[in-house]
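The values are calculated or read from the model by the stated rules, or taken from the named source; none is laboratory data. Please read these numbers as outputs of a predicted model, since none were measured by experiment. Methodologically, a virtual Cβ is constructed for each residue, glycine included, from the backbone with ideal geometry; neighbour enumeration extends over all protein chains shown.
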Amino acid sequence: MRQAQGGVLLKSSDGVAYAVHLKADFVAEHEQGIGGLHHWIGAVDESIDGIGRYSMKKDDRTLSRAEKLTSLFTKTIRITLPDGKPLSRKLVGLRFGSEDEAGKPSSWLIRSPDVELSGAWDNRSFEIIGYTPEATQFIMELHSAILSGDFSLHIGRTGNPFDNGGLNISIASRIPEEQLLAVKEAHEGRRRLEDAAKATGIEDRVRARSQEVRGNEFNYFALSPRWRGTDETSVSEHPVKFWLNPIGRQAKSGWYTVEELDAWLEGHGPVVGSAMPQAFTLR
């Protein structure tokens, strides 16, 4: 695990805490996804739109696994206040994930009077520590929720109702209705984008071209779609364009239309630093 940059309680409009948000740091452990955690809780069905995609299954096998992988711990630490006076603070921590972490002393304590929450996570595990009465109470409630299957977790991104850049650890039944709707709409919007990107056929054409040519000239790290904006200056008959991050040095990374990517496959166009041919046909 790697330490979060900070932690905060997420609350509904009536002040009820429903989740912990651990802010991501710029480290590999926070950028590789949480597929292992989703495997632990049985949240592996991406055909589901809405918070159910990230929520724990309540079958006996998953509940039994969660009980083995979840541990609650308490600790009293001494901190020094700004005026130099010592203060004893009782904290509560929750650890979930790999059994290798169970029983180990926490490495993520922060000895500061101003901290509400701290934590860490990676692909297969997370730990959260509460320092205030409100935070410790929520962590104990979250522990009970995990054991009963009332639990969801996901990575927040731009456009996500939980904002971007962190791990959201939630009591599923407490998530406000407006947040549930926003998650569902985000999934439906993403599905529409993926369908539009697939309809262009460009990914299949790039894949086919890469198989015809030896080396990495047409291989890529990323070929990711987004909707074209109304202020786009490039001409295309398709509603999407793609972020290309190529492996080969001949191509330049950037946002390209389908037509510009097709030109790349023929050896010209902006991807390789040349002008588009006048007679290039829109597909």
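Whether a residue is at pLDDT below 80 and among the hydroxyl-bearing types (Ser, Thr, Tyr) was assessed, and SER118 does not pass this test. Among the residues of the range 1-19, how many are in a strand (DSSP E or B) and either closer than 18 Å to LEU37 by Cβ or of a type outside the set (Phe, Trp, Tyr) (or both)? Residues flagged as in a strand (DSSP E or B) and either closer than 18 Å to LEU37 by Cβ or of a type outside the set (Phe, Trp, Tyr) (or both) within the range 1-19 amount to 10.
Can you find a residue in the range 211-231 that is at negative phi, of a type in the set (A, V, I, L, M), loosely packed, with under 15 Cβ neighbours inside 10 Å and at pLDDT below 95? Yes, that holds for at least one residue.
State yes or no: is HIS154 under 18 Å from the mean Cα position of the chain (by Cα) and touching a residue at least 12 places away in the same chain (Cβ under 8 Å)? Against the criterion (under 18 Å from the mean Cα position of the chain (by Cα) and touching a residue at least 12 places away in the same chain (Cβ under 8 Å)), HIS154 qualifies. Looking at this structure, is GLY35 over 25 Å from GLU134 (Cα atoms) and in contact (Cβ under 8 Å) with a residue 40 or more places away in the chain? It is true that GLY35 is over 25 Å from GLU134 (Cα atoms) and in contact (Cβ under 8 Å) with a residue 40 or more places away in the chain. If SER55 meets every condition in (1) small (Gly, Ala, Ser); (2) in contact (Cβ under 8 Å) with a residue 12 or more places away in the chain; (3) exposed (fewer than 12 other Cβ atoms within 10 Å of the Cβ) apart from one, which number is that one? Going through (1) small (Gly, Ala, Ser); (2) in contact (Cβ under 8 Å) with a residue 12 or more places away in the chain; (3) exposed (fewer than 12 other Cβ atoms within 10 Å of the Cβ) one by one, SER55 breaks only (3).
For the range 138-189, taking the residues that are of a type in the set (Gly, Ala, Ser) and at pLDDT below 95, the one that is nearest to ILE128 (Cα to Cα) is identified as GLY166. Residue under question is GLU67, and the condition is that it be in contact with a Lys or Arg (Cβ under 6 Å, 6 or more places away or on another chain) and either surrounded by 15 or more Cβ atoms within 10 Å (Cβ to Cβ) or touching a residue at least 40 places away in the same chain (Cβ under 8 Å) (or both); does it hold? When the stated conditions are applied, GLU67 does not pass them. Here GLY97 passes the criteria (1) at pLDDT 80 or above; (2) of a type outside the set (A, V, I, L, M, F, W, C); (3) farther than 21 Å from GLY33 by Cβ except the one numbered (3). Scanning the range 163-203 for residues being of a type in the set (Asp, Glu) and surrounded by 14 or more Cβ atoms within 10 Å (Cβ to Cβ) gives a total of 3. Identification of strands (runs of 3 or more DSSP E) wholly contained in the range 166-264 with 3 or more residues that are closer than 30 Å to ILE34 by Cα and either touching a residue at least 24 places away in the same chain (Cβ under 8 Å) or in the same structural domain as HIS30 (by TED's automatic domain parsing) (or both) yields 166-170, 220-227, 240-246.
Filtered by the rule that a residue be touching a residue at least 24 places away in the same chain (Cβ under 8 Å) and either surrounded by fewer than 17 Cβ atoms within 10 Å (Cβ to Cβ) or among the hydroxyl-bearing types (Ser, Thr, Tyr) (or both), the range 16-27 gives VAL16, TYR18, VAL27.
Do we have any residue at all in the range 19-27 that's at pLDDT 90 or above and touching a Ser or Thr at 6+ places or on another chain (Cβ under 7 Å)? There is at least one residue in the range 19-27 that is at pLDDT 90 or above and touching a Ser or Thr at 6+ places or on another chain (Cβ under 7 Å).
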